[in-house]
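The values are calculated or read from the model by the stated rules, or taken from the named source; none is laboratory data. In this text, all values refer to a predicted model and were calculated from it rather than measured experimentally. Cβ atoms come from the backbone with ideal geometry, glycine included; neighbour counts cover every protein chain shown.
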Amino acid sequence: MNHKEKLYREIKKFTKWADQCHPTWSEERDNGEWELGYPHFEELCGAAEDVVNEYPCSEADETLIHALLFVIARDNECEELVEEKLVLCRDWFELLAKKSIGSKYVNAEWQFAKHLGDCEGCDPELIFSFIKSEYEYTSRMALQTMAELKPECAERYALEFWNHGKYPAGSSEDEYQKIMALHVLAKLNSPRLEAYLERAKQSDYKWLRKNAEDLSAKYN
């Protein structure tokens, strides 16, 4: 049995177990914390890592790409495959990052957005694809990364996150986007920060107000 075959076998084993123990799970309804519940989690992730170690990404077909993204999405609590392995393998990182964008593997997509800046030599322009993601958490992680990779663009996007009204007023998504916008403005030492901190302090959002107070205390 080669490494690809082992990976496919481990995914089938996981899927059978998950369907039995968590029958409502799906890519959109991922229960998370698989590393604590699934007894063969290390074997699942190890099989994915063995594939990356053994094969060049030029040999990856769509079946293998989907298999790797599937495992990465299950590793959404520890993030070890992306954070510790793939950031050291630029070609694999870039290939899988591009394939994750707009895919059903939402819990893989945001990991690539979050760790793009950790992969030396990766195309920084990918951040503009991640920041347009329809998955709120991906776009938020992309804005955080943009402050490091493309600081000259990050302020404009931070203000868009605050003002675009993409998510309903009063929603947690709208609140989280505004919180990240504040932190990015602070990281950039933006001259707009003070005004937005004051707006945040007057907000009905509890955690937005708390973050604004904490940032004010830190920077004053």
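Scan 29, 9 and give me the residue that is among the basic types (Lys, Arg) and closer than 18 Å to residue 104 by Cα. Walk me through it before giving the result.
Working: 9 fails: closer than 18 Å to residue 104 by Cα.
Answer to the check: 29.
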Checking the conditions here, which among 178, 218 is more than 20 Å from residue 137 (Cβ to Cβ) and charged (D, E, K, R)? 218
Which number in (1) polar (S, T, N, Q); (2) at pLDDT 95 or above; (3) in a helix (DSSP H, G or I) marks the one condition that residue 203 misses? (3)
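With the structure loaded, tell me whether residue 94 is farther than 19 Å from residue 5 by Cα and in contact with a His (Cβ under 9 Å, 6 or more places away or on another chain) or whether it fails that test. Walk me through it before giving the result.
Numbers: farther than 19 Å from residue 5 by Cα: yes; in contact with a His (Cβ under 9 Å, 6 or more places away or on another chain): no.
The answer is no for residue 94.
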Of (1) closer than 22 Å to residue 121 by Cα; (2) in contact with a Lys or Arg (Cβ under 9 Å, 6 or more places away or on another chain), residue 72 satisfies every one except (2)
